[in-house]
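The values are calculated or read from the model by the stated rules, or taken from the named source; none is laboratory data. Values in this document were obtained by computation on a predicted structure and should not be read as measured data. Neighbour counts run over all protein chains shown; Cβ positions are idealised from the backbone, glycine included. Side chains included, ligands, DNA and RNA excluded: accessible areas come from the protein's heavy atoms. Shrake-Rupley method; radii C 1.70, N 1.55, O 1.52, S 1.80 Å.
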Amino acid sequence: MKKNLLAVAVLCALTSGAAFAQQAEGPWLVRARAVNLDSANKDSTGLGLSVNDKVIPEVDVSYFFTPNIAAELVLTVPQKHTVRSAGTGIGSLKHLPPSLLLQYHFNAPGFKPYVGAGVNYTRFSSVRFDPAVAAALNPSIDKNSFGGALQVGVDIPLSKNLYLNVDVKKVYIKTDVFSSGTKVGTLKVDPVLVGVGLGWRF
């Protein structure tokens with residue numbers, strides 16, 4: 001009987017300790033990352049359209065509904081890209097691509113891997129074409145893009161509530177391309193985003 005009571009007491013203590021640790025960690029996680037944007041640049045217009053790759057800043061805010069399930073909102077500032085045709089610059093644009101993902105975080109000793117899936121909305125703005133291109137083709141693009149987003153990453157504890165984060169996302173972004181109001185094809189940017197940064201749990 002004493003052994004059984006002792007076992008129950010130990011189990012209760014461990015359970016209470018785990019619950020307290022989770023509660024002490026808090027439901028919010030904010031990360032800041034440097035992200036390399038590598039675009040797929042799949043173009044069906046026949047013009048060889050593409051946008052340049054670049055490193056961008058990224059901030060995300062996650063809320064944990066349970067120890068394993070969280071929602072993450074991924075944010076950045078409008079990013080300027082050069083638009084190229086067959087490798088030659090023909091203009092520029094800006095895009096703002098927030099994403100919302102639902103994540104599952106695994107329990108692993110020493111690190112916390114996760115996977116996620118969700119949706120992306122991208123708004124294109126400040127679209128500019130070189131005067132010669134504008135005069136010859138009168139080009140324009142669809143300024144709104146909706147697509148999926150997939151994610152895998154890991155948080156590595158550095159100290160209390162501070163994590164090193166490595167994150168990889170595939171985001172589906174595309175825009176229809178028009179000449180004098182007639183659709184001539186679609187440019188699929190569909191970038192892979194590889195990020196490294198720090199996260200704070202509270």
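Things worth noting here:
- Residue within the stretch 107-129 that is buried (at least 18 other Cβ atoms within 10 Å of the Cβ), over 22 Å from the mean Cα position of the chain (by Cα) and in contact (Cβ under 8 Å) with a residue 12 or more places away in the chain present: yes
- Test for GLN103: is it more than 20 Å from LEU187 (Cβ to Cβ) and open to solvent by less than 60 Å² (accessible area, probe 1.4 Å): yes
- The condition (being out of contact with any Leu (no Cβ under 7 Å at 6 or more places or on another chain) and not acidic (Asp, Glu)) is satisfied by just one residue among LEU100, LEU73, LEU150: LEU150.
- In the stretch 67-77 there is no residue that is open to solvent by less than 60 Å² (accessible area, probe 1.4 Å) and in contact with a helix residue (DSSP H, G or I) (Cβ under 9 Å, 6 or more places away or on another chain).
- Listed by first and then second residue, the pairs with beta-carbon distance under 8 Å, at least 6 apart or on different chains, first residue in the stretch 134-149 and under 20 Å from HIS95 (Cβ atoms) and charged (D, E, K, R), second surrounded by fewer than 13 Cβ atoms within 10 Å (Cβ to Cβ) and at pLDDT 95 or above, are LYS143/SER125.
- Failed item in (1) modelled with pLDDT under 95; (2) within 20 Å of TYR121 (Cα to Cα), with ASN52 passing the rest: (1)
- Every residue from the stretch 28-43 that is surrounded by 14 or more Cβ atoms within 10 Å (Cβ to Cβ) and of a type outside the set (Lys, Arg): LEU29, ALA32, VAL35, ASN36, LEU37, SER39, ALA40, ASN41, ASP43
- Which listed residue is of a type in the set (Gly, Ala, Ser) and within 30 Å of PHE64 (Cβ to Cβ), from SER179, SER126, SER145: SER145
- LEU96 vs. criteria surrounded by fewer than 15 Cβ atoms within 10 Å (Cβ to Cβ) and not hydroxyl-bearing (Ser, Thr, Tyr): yes
- Selection within the stretch 52-66 - within 25 Å of PRO191 (Cα to Cα), hydrophobic (A, V, I, L, M, F, W, C) and open to solvent by 30 Å² or more (accessible area, probe 1.4 Å): VAL55, VAL59, VAL61
- Test result for GLY199, at pLDDT 95 or above, under 27 Å from LEU29 (Cα atoms), part of a strand (DSSP E or B) and out of contact with any strand residue (DSSP E or B) (no Cβ under 6 Å at 6 or more places or on another chain): no
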